[in-house]
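Structure first, commentary second.
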């Protein structure tokens with residue numbers, strides 16, 4: 001994977017930043033997206049010397065941004081090998097109290113943006129020797145928790161289209177994976193589930209290691225979905 005090009009969204013913190021750091025260790029070229037340009041610059045500076053990093057700031061809830069991010073990455077590096085859709089937002093609110101604007105924002109970032117990114121990336125992935133798409137979902141992509149209706153619906157949508165995309169692209173050798181973590185030690189989880197004991201949370205670096213495994217595991221066995229749960233005596237969380 002050395003010098004292959006990976007586009008990572010939501011790369012300024014949490015899982016996205018951990019993935020960027022892990023891929024940089026292996027010498028992959030990185031195109032990083034996030035809403036905050038200053039934070040992206042900080043991440044790029046931290047990775048300076050390890051690999052080549054290109055930043056493409058932009059709010060993925062805006063319709064034109066996903067395709068723009070792909071175009072800019074390809075224009076800079078000349079191609080694209082890996083797309084990692086990590087950017088996500090969450091909302092803690094009952095369905096009855098959820099506004100239409102809140103619902104649509106969850107869908108725009110968590111489901112529509114990955115769809116648009118995948119669609120824009122496919123012509124370039126088809127030219128790669130290691131074409132891979134990894135979508136970061138959540139345990140709520142298959143379960144439902146109170147006060148997480150809009151977030152849950154968006155992750156169900158992500159899961160659904162990922163499964164279809166994997167089947168549609170199987171014959172072309174483009175690997176499509178989804179990782180569905182339980183509680184990960186990020187700002188998002190701290191906001192959504194302050195009741196979860198911090199010591200039981202999954203480290204972002206653990207998810208990054210799974211990403212690296214998927215990228216380098218290209219045998220005849222294809223992994224569609226990886227479910228990752230945190231340490232807990234309770235049922236799946």
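For this structure, a couple of remarks:
- Odd one out for residue 76 among (1) touching a residue at least 40 places away in the same chain (Cβ under 8 Å); (2) farther than 16 Å from residue 10 by Cβ; (3) part of a loop (DSSP other than H, G, I, E, B): (3)
- Every pair of residues 6+ apart whose Cβ atoms lie under 8 Å, when the first sits in region 207-222 and is at negative phi and part of a helix (DSSP H, G or I) while the second is at pLDDT below 85 and surrounded by 12 or more Cβ atoms within 10 Å (Cβ to Cβ): 207/184; 207/228; 210/226; 210/228; 214/223; 214/226
- Residue in region 55-68 that is assigned to a helix (DSSP H, G or I), touching a strand residue (DSSP E or B) at 6+ places or on another chain (Cβ under 9 Å) and over 17 Å from residue 153 (Cα atoms) present: no
- Output for region 1-13, where each listed residue is farther than 24 Å from residue 124 by Cα and either free of Cβ contacts under 8 Å to residues at least 40 places away in the same chain or touching a strand residue (DSSP E or B) at 6+ places or on another chain (Cβ under 7 Å) (or both): 12
- Region 119-138, subset in a helix (DSSP H, G or I) and out of contact with any strand residue (DSSP E or B) (no Cβ under 6 Å at 6 or more places or on another chain), residue farthest from residue 77 (Cα to Cα): 119
- Only one of 45, 52, 62, 26 that is at pLDDT 95 or above, over 19 Å from residue 75 (Cα atoms) and crowded, with 16+ Cβ neighbours inside 10 Å: 26
- Test: residue in region 79-92 that is free of Cβ contacts under 8 Å to residues at least 60 places away in the same chain and either touching a strand residue (DSSP E or B) at 6+ places or on another chain (Cβ under 9 Å) or within 26 Å of residue 3 (Cβ to Cβ) (or both): no
- The set of residues from region 168-205 being more than 30 Å from residue 127 (Cα to Cα) and modelled with pLDDT of 85 or more comprises 181, 203, 204.
The values are calculated or read from the model by the stated rules, or taken from the named source; none is laboratory data. None of these values were measured; they are calculated from a predicted model. In this analysis, Cβ positions are derived from the backbone assuming ideal geometry, glycine residues included, and neighbour counts consider all displayed protein chains.
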